[in-house]
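Participant: Just dropping this structure here.
None of the figures in this text is laboratory data; all of them are computed from the coordinates on show. As the structure is a prediction and not an experimental result, all values here were calculated from the model. All Cβ positions, glycine included, derive from the backbone under ideal geometry; neighbour counts span all protein chains shown.
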Amino acid sequence: MLKEIKIRLHQGSQFIKDVRNVEVPGIFKGRPVISTKNCDEVALVELCPTAAISVNPFQIDLGKCNFCGACAFHSPDKIQFTKDYHLAVNEREALIIRAGENKALIVNKEKRRPEIERFFKQSFKIRQVSAGGDNSAELELNASGNVQFDSGRFGFEFVASPRHADAVLITGPITENMAQPLETCFSDIPSPKVIILCGTDAISGGVFQNSKALDRSFIEKHPIDLYIPGNPPHPLTFINGILDFIGKKP
Amino acid sequence: MKYTTVHNLQSIPIEMIPVVSYKDFFDTVISLFEEEEVHCVNYFAYPIGNELHLICSLADDRESKLKVLSWKSTSFASVPSLSTQIPSIIVFEREIYENYGITFIGHPWLKPLRYAKNRANEHQISDYPFFKIESEELHEVGVGPIHAGIIEPGHFRFICNGERILHLEIQLGYQHRGIENLFLNSTHLNQRIALSESIAGDTATAHASAFANLWESLCDVQTSQHLLWQRNLSVEIERIAMHTGDMAAICTDVAYQLGNAVLGRLRTPMVNFMQEWCGNRLGKSLIRPFNSFYAFTPELKERLLDIFSKYEPDFNEIWDRMKTLPSLLSRLEKTGVVSRNQMIEIGAVGMSARAAGLERDVRASHPYGLFKETPHQPITKKHGDVYSRTQLRNEEIIQSVSYIKHWLENIPDIEIKDASHATPKPSTFCISLTEGWRGEICHCAITDEKGNLIAYKIKDPSLHNWLALALAVRNNEISDFPIINKSFNLSYCGFDL
Ligand code: SF4
């Protein structure tokens with residue numbers, strides 16, 4: 001026991017106190033800003049692996065972007081990825097970043113169902129379903145609960161049974177082989193219930209968007225409550241996204 | 001000669017691979033397999049015109065060579081199965097059967113492998129034919145496809161006698177995204193490299209390195225030293241990070257909370273370092289053929305050395321504690337045992353094989369990049385239980401840290417050649433092997449006479465190793481399944497593709 005206490009003392013205090021404002025170290029590919037400078041826009045469209053860039057007007061769709069950085073490397077004057085990890089939104093169009101804009105991405109409270117904050121602010125239970133996820137978003141969601149990010153302190157957590165859940169959080173592009181299990185899981189969640197798409201693959205299919213092995217009818221059938229972009233989303237993107245969505249101040 | 005010989009990452013004209021009769025193919029594979037150091041790294045079919053070309057590559061670890069041979073057939077043909085004599089071929093024949101309808105006569109059980117989109121038959125994933133034993137004393141436990149946790153899907157069907165597991169069958173395929181077809185259909189290099197990073201995102205740099213190395217060989221562009229160095233370095237950092245995380249997860253499953261917290265937090269500086277280097281904690285976007293957006297700078301070197309100097313004492317301290325805790329050891333030792341012989345039979349690779357005393361490690365047997373100059377001595381353990389797999393992780397972490405420190409002494413200059421317009425050579429075949437943290441990753445490509453990809457075959461180490469898990473749980477209590485599963489930590493998406 002004494003040895004355990006010694007080890008514990010050596011760990012010091014690890015948790016991030018201010019999850020809303022802490023600065024991430026080194027390079028971080030967060031919310032991009034696009035300048036209005038002229039550049040070879042067509043070249044950028046062509047090099048993007050996920051067709052996230054389009055022209056007239058020039059814009060990046062963060063729901064498709066897999067944050068490979070190729071565009072920013074090619075034209076640093078035109079595109080820069082900032083360190084802003086607040087990326088979650090509740091409207092699909094809000095993920096479109098236009099040239100000359102530099103606005104924070106936010107959860108639009110007007111467009112959110114009124115019961116969300118009332119029901120879930122203090123306690124929000126999430127059932128995660130990986131539907132073709134590559135285990136990167138899954139690793140980051142697990143990391144959100146570790147001693148550094150410690151998401152449990154904010155009152156939301158992942159649960160095993162859909163019957164205990166308030167939300168389904170989907171990672172991966174939704175494979176045909178997972179379409180039915182996902183639907184079954186969702187139907188087992190008691191109402192009111194929430195759908196969260198976590199990661200570029202889930203939001204748009206990402207690099208898999210042209211695969212015939214997907215079945216994304218779930219997304220067409222049900223209204224989506226929250227989009228969390230990233231490849232994979234950083235734990236801080238996830239945690240802040242949920243906090244904004246349930247209207248909780250950390 | 002009934003086969004041709006290549007080494008890792010050597011591109012050869014496809015005509016050099018002999019096409020032999022099935023009888024000769026069969027006999028040659030059987031005779032090559034008599035050596036224990038030979039195992040199959042891939043065996044797949046691809047269509048040319050109305051025919052199928054079936055290529056089999058066997059790695060000979062003693063000679064650092066791959067022996068490649070082939071035969072031709074048509075869809076829905078019937079031939080005798082190799083699996084009756086070589087059990088490790090079972091999965092490959094199932095895959096060929098699933099995709100092209102070829103029947104392998106005598107195969108123990110030809111059933112679908114992953115319900116691939118391009119399958120040749122109408123089988124549905126919901127009708128998977130599980131093995132059954134009729135008995136009043138036995139019961140079945142079905143788990144999945146969705147599991148209790150933040151984890152990928154797969155269906156586990158246990159046959160138990162009371163608490164004891166007699167048999168486990170693992171049915172996968174839920175994660176199938178059609179990656180190999182996307183490799184063929186896309187003509188976009190950025191897309192292909194992004195795909196390679198998503199084969200299994202927890203080993204992104206290893207799969208991306210396998211692809212980038214292969215692509216450069218196909219295009220006949222010599223990889224610059226700095227890029228090779230980056231690839232080796234990032235794969236070893238990935239190994240340290242994932243092994244540390246797995247050791248934390250093993251602690252969770254035996255309710256050793258302190259170990260989980262300490263090891264879980266020790267993984268963080270490794271993944272955060274990857275982010276400092278390339279902006280992604282899992283190293284996605286770091287590896288690019290011919291190029292890199294993120295050079296390794298002297299500041300990064302100081303950062304990494306500093307991280308190691310803090311990591312090592314804390315890591316050693318918790319490991320010293322773990323290995324003397326009777327309550328922890330009693331859960332790990334003699335739990336989930338697989339023997340060396342079983343591992344040979346099923347063709348297991350990587351750390352799971354090494355933990356059972358089977359020395360299979362591409363870094364030593366088919367070296368690439370820096371391992372040509374830094375000879376690698378694989379670590380092995382004898383018992384093949386959960387504890388061996390835990391000990392092995394501990395020792396491999398220490399080994400990788402020492403490799404990295406050695407490599408940091410000499411960082412090759414960055415000289416990026418612009419080869420972005422290089423295209424693959426026509427009618428060429430190439431195999432790329434990389435040792436990811438789970439084990440042997442194999443990518444294989446074939447081009448047509450215009451240099452377009454006509455076959456792209458990926459093998460994640462999990463393809464064989466899932467069967468090792470199924471064998472390891474036999475005669476264990478079902479309550480020990482989670483810890484045994486964690487000790488392998490296999491990839492669902494890497495298997496399903
Ligand atoms: S960073 Fe995003 S937008 Fe830019 S090229 Fe990559 S995927 Fe496209």
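Participant: So for the stretch A:109-246, what percent of the C-alpha to C-alpha distances run longer than 21 Å? Mind dumping the intermediate values first?
Facilitator: On the way: 3520 of 9453 pairs.
Value for the stretch A:109-246: 37 percent of Cα pairs lie more than 21 Å apart.
Participant: A further question on this structure: Semi-axes of the stretch B:188-458's equivalent ellipsoid from the Cα gyration tensor, sqrt of 5 times each eigenvalue, largest first, rounded to whole Å? Please report the intermediate quantities before stating the final value.
Facilitator: Values: eigenvalues 225, 102, 44 Å².
That gives 34, 23, 15 Å for the three semi-axes.
Participant: Give the calculated FRET efficiency between B:Glu359 and A:Val42 to the nearest 0.05, with a Förster radius of 41 Å applied to their Cβ-Cβ distance.
Facilitator: Details: r = 53 Å, r/R0 = 1.28.
With a Förster radius of 41 Å, E is 0.20.
Participant: Going by average Cβ neighbours within 10 Å, how do the peptides B:138-149, A:173-184, B:181-192 rank, with the highest at the top? Before the final figure, lay out each step's value.
Facilitator: Working: B:138-149: 16.2, A:173-184: 22.6, B:181-192: 18.2.
Peptide ranking by packing, descending: A:173-184, B:181-192, B:138-149.
Participant: Quick one: of the DSSP bridges fully inside the stretch A:109-246, what percent are antiparallel, nearest 5? Don't jump to the answer; show the numbers that get you there.
Facilitator: Working: 1 of 16 bridges.
The antiparallel proportion sits near 5 percent.
Participant: Next question. Could you work out the percent of alpha carbon pairs in the stretch A:1-159 separated by over 28 Å, rounded to a whole number? If you can, show how the numbers build up before the last one.
Facilitator: On the way: 4774 of 12561 pairs.
So the portion of pairs separated by more than 28 Å is 38 percent.
Participant: Relative contact order for chain A using alpha-carbon pairs under 8 Å, separation at least 6, rounded to a whole percent? The partial results should precede the final answer.
Facilitator: Values: 461 pairs, mean separation 58.4, N = 250.
Relative CO of chain A lands at 23 percent.
Participant: Quick one: compute the contact order of the stretch B:4-113, relative version, from alpha carbon pairs under 8 angstrom and 6+ residues apart, as a percent.
Facilitator: Details: 197 pairs, mean separation 27.0, N = 110.
It rounds to 25 percent for the stretch B:4-113.
Participant: Sort B:261-267, A:49-55 by the packing proxy (mean of other Cβ within 10 Å over each peptide's residues), most packed first.
Facilitator: B:261-267, A:49-55
Participant: When only DSSP loop residues count, what GluC sites (Glu not before Pro) in the stretch B:404-497 have their Cβ near at most 12 other Cβ atoms within 10 Å?
Facilitator: Working: sites: B:Glu409, B:Glu415, B:Glu435, B:Glu440, B:Glu449, B:Glu477; in loops: B:Glu409, B:Glu415, B:Glu449.
Sparse-neighbourhood loop GluC sites (Glu not before Pro): B:Glu409, B:Glu415, B:Glu449.
Participant: Report for the stretch B:4-113 the percent antiparallel among DSSP-assigned beta bridges with both residues inside it, nearest 5.
Facilitator: 85 percent
Participant: While we're here: How far apart, in nanometres, would the label points at B:Ile30 and A:Asp84 be if each is projected 7 angstrom from Cα along the Cα-to-Cβ direction?
Facilitator: Those two pseudo-labels are separated by 6.8 nm.
Participant: Where both residues lie in the protein assembly as shown, what percent of DSSP beta bridges are antiparallel, nearest 5? List each step's numbers first, then the result.
Facilitator: Values: 62 of 81 bridges.
The antiparallel fraction comes to roughly 75 percent.
Participant: If you don't mind, there's one more thing I want to ask. I need to check one value: relative contact order of the stretch B:383-473, counting alpha carbon pairs closer than 8 Å and at least 6 residues apart, in percent.
Facilitator: On the way: 80 pairs, mean separation 15.8, N = 91.
That works out to 17 percent.
Participant: Let me ask something additional. Which is farthest toward the positive dipole end of chain A among A:Cys65, A:Phe186, A:Thr175, measuring Cα position about the Cα centre, with Cβ charges +1 (Lys, Arg) and -1 (Asp, Glu)?
Facilitator: Highest projection toward the positive end goes to A:Phe186.
Participant: Test of understanding: what is the full-extension gain from B:Lys132 to B:Met1, defined as 0.36 nm times their sequence separation minus their Cα-Cα distance? Before the final figure, lay out the partial values.
Facilitator: Working: separation 131, 0.36 × 131 = 47.16 nm, distance 4.46 nm.
Result: 42.7 nm gained on full extension.
Participant: What does the convex hull of the Cα atoms come to per residue for chain B, in Å³?
Facilitator: Working: hull volume 67.0 nm³, N = 497.
Measuring per residue, one finds 135 Å³ for the Cα hull of chain B.
Participant: Return the calculated 222 nm mean residue ellipticity for the protein assembly as shown, to the nearest 500 deg cm²/dmol, obtained by summing -39500 (n - 2.57) across DSSP H runs with n ≥ 4 and dividing by the residue count. Please list the in-between numbers first.
Facilitator: Values: 25 runs with 271 residues, N = 747.
Roughly -11000 deg cm²/dmol at 222 nm, from the helical runs in the protein assembly as shown.
Participant: A follow-up question, please. Express in nm, to one decimal, how much length is gained between B:Glu395 and B:Tyr22 on full extension, taking 0.36 nm for each residue of separation and deducting their alpha carbon distance.
Facilitator: Working: separation 373, 0.36 × 373 = 134.28 nm, distance 4.43 nm.
Stretched out fully, the B:Glu395 to B:Tyr22 stretch lengthens by 129.9 nm.
Participant: I've got another one for you. Can you list the residues of the stretch B:464-489 with backbone N under 17 Å from a point 7 Å past the Cα of B:Ser330, pointing along Cα to Cβ?
Facilitator: Answer for the stretch B:464-489: B:477, B:479-480.
Participant: Could you give the dipole magnitude of the stretch A:1-148 about its Cα centre, charging the beta-carbon of Lys and Arg +1 and that of Asp and Glu -1, in debye to the nearest 20?
Facilitator: Working: 22 positive and 18 negative charges, 161 e Å.
Taking the Cα centre of the stretch A:1-148 as origin, the dipole is about 780 debye.
Participant: Report the normalised scattering of the protein assembly as shown as log10 I(q)/I(0) at q = 0.06, 0.08, 0.09 Å⁻¹, calculated by the Debye formula with identical scatterers on the alpha carbons.
Facilitator: The calculated log intensity ratios at q = 0.06, 0.08, 0.09 Å⁻¹ are -0.34, -0.62, -0.80.
Participant: Give me the percent of Cα-Cα pairs in the stretch B:4-113 that sit more than 21 Å apart, rounded to a whole number.
Facilitator: On the way: 1968 of 5995 pairs.
Above the 21 Å cut-off, the stretch B:4-113 has 33 percent of its Cα pairs.
Participant: Still on this structure, please answer the following. Could you size up the charge dipole of chain A around its Cα centre, putting +1 on the beta carbon of Lys and Arg and -1 on that of Asp and Glu, and report it in debye to the nearest 20?
Facilitator: On the way: 30 positive and 29 negative charges, 179 e Å.
For chain A, the charge dipole is close to 860 debye.
Participant: Let me ask something additional. Points 7 angstrom from Cα along the Cβ direction at A:Gln11 and A:Glu101: gap in nanometres?
Facilitator: 4.3 nm
Participant: Here's a follow-up. Over the stretch B:294-443, one equal point on each Cα, no solvent: what is log10 I(q)/I(0) by the Debye formula at q = 0.22 Å⁻¹?
Facilitator: Rounded to two decimals, the profile gives -1.37.
Participant: Starting at the first residue of the stretch A:210-215, write each ³J(HN,Hα) from the Karplus equation 6.51 cos²θ - 1.76 cosθ + 1.60 with θ = phi - 60°, in whole Hz, x for Gly and Pro.
Facilitator: Calculated HN-Hα couplings, in order: 9, 7, 6, 7, 9, 9 Hz.
Participant: Something else now. For the stretch B:75-193, what is the convex hull (Cα atoms) projected area averaged across all directions, in square nanometres?
Facilitator: Numbers: hull surface 41.5 nm².
Average of the hull's projected areas for the stretch B:75-193 equals 10.4 nm².
Participant: Any chance you could run the full-extension gain for B:Glu15 through B:Glu449? It's 0.36 nm times the residue separation minus the Cα-Cα distance, nm to one decimal. Mind dumping the intermediate values first?
Facilitator: Working: separation 434, 0.36 × 434 = 156.24 nm, distance 1.13 nm.
Full extension of this stretch gives 155.1 nm more.
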